[in-house]
Amino acid sequence: MSNSNKKQCSLGVNAILNGLQSVLNLIFPLITFPYVSRILSVDGMGIYNFSNTYVGYFLLIAGLGITTYAVREGAKFRDNYRKMSDFSSEIFTLNMISTLIAYILLVLSLLIFNALNTYALCILIFSVQILFTTLGTNWLYVIYEDYAYITSRNIAFKIVSVILLFVFVKKPTDYFVYAWITVLASVGSNILNYIHAKSFVNLRFLWRTKWKTHLKPILIIFASAVAVNIYVSSDNTILGLIKGNYEVGIYGVSVKIYTIVASLLTAILTVTIPRLSALYGKKII
């Protein structure tokens, strides 16, 4: 099936589906928290929250602003299979390189900073997200507005993760198990996403790529993302380094609610970008 023949949903449906996915990513910990907080210790939750936040910085490095750039530029080529395949492969290659750099920096930080020893194992568990987020190529699904596919799989993995939580998290030291379950809920479907991406484009790793063409705009977006991430996520990191696991455990829960509204607004913005970029590429607007 050619890309031009793929059925596109309305912006309203896409906004609902993408918004549902964003809400699910936040509601999963909200649903599970009453049970987890009763089973796990506050210190365990502190280690969990700190580690999750810490890995978020390296997820940012691996992401490198690529998603925003890929959606903006790739939507212009989505009706041309050859151009879209070349573009997607170049972006995927850059993303894999930035992922490798992120892992190197993460390992170095764990070796250099002794204060991270308490969190090291949990950090390594959460670091699985880095590779699987890259393999998920969610930006490709945003370009083709295939939100039904990724939302349905996201829901399935969330349900499986909730079941696993109640089955395997039974004692205070099981925060490592909880971390694994969170990773599964977050990026468990990304291997399927990577395989299914071949139905859109011929996605491959390129040993030679036009990285200079993409790098400057990507780094500009990345700089903006870094500033936002430091503003949003530095609280957990600083609190964990200055105070400890207990304080992070209490504080980490309180910030989950208000982020739902922000995620919904982001979801609406995300679904409009590929459609507007495609129309702009065709000189319609």
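Look at Asp174 and say whether it is among the acidic types (Asp, Glu) and open to solvent by 30 Å² or more (accessible area, probe 1.4 Å). The answer is no for Asp174.
Run down Ser199, Ser189, Ser152 and say which single residue is open to solvent by less than 20 Å² (accessible area, probe 1.4 Å) and either of a type in the set (S, T, N, Q) or at negative phi (or both).
Matching residue, one of Ser199, Ser189, Ser152: Ser189.
Among the residues of region 88-108, the one identified as aromatic (Phe, Trp, Tyr) and at pLDDT 95 or above is Tyr103. Looking only at region 37-52, filter to residues that are crowded, with 21+ Cβ neighbours inside 10 Å and not small (Gly, Ala, Ser); which one of those is modelled with the lowest pLDDT? In this case the residue turns out to be Met45. Screening the candidates Arg82, Arg78, Arg72 for the property of being touching a helix residue (DSSP H, G or I) at 6+ places or on another chain (Cβ under 8 Å) and either open to solvent by 20 Å² or more (accessible area, probe 1.4 Å) or under 18 Å from Ile125 (Cβ atoms) (or both) yields one hit, Arg72. Scoring Ser224 on the criteria (1) surrounded by fewer than 14 Cβ atoms within 10 Å (Cβ to Cβ); (2) at pLDDT below 80; (3) over 22 Å from Ile130 (Cβ atoms) leaves a single failure, condition (3). Of all residues in region 155-171, those satisfying the criterion of being within 24 Å of Gly46 (Cα to Cα) and open to solvent by less than 70 Å² (accessible area, probe 1.4 Å) are Lys158, Ser161, Val162, Leu164, Leu165, Val169. Among the residues of region 104-130, those that are under 21 Å from the mean Cα position of the chain (by Cα) and open to solvent by 60 Å² or more (accessible area, probe 1.4 Å) comprise Ile104, Leu105, Val107, Leu121, Leu124.
The values are calculated or read from the model by the stated rules, or taken from the named source; none is laboratory data. These numbers were taken from a predicted model, which means no experiment stands behind them. Neighbour counts run over all protein chains shown; Cβ positions are idealised from the backbone, glycine included. To get the accessible areas, we keep the full protein, side chains included, count just its heavy atoms, and leave off ligands, DNA and RNA. Shrake-Rupley method; radii C 1.70, N 1.55, O 1.52, S 1.80 Å.
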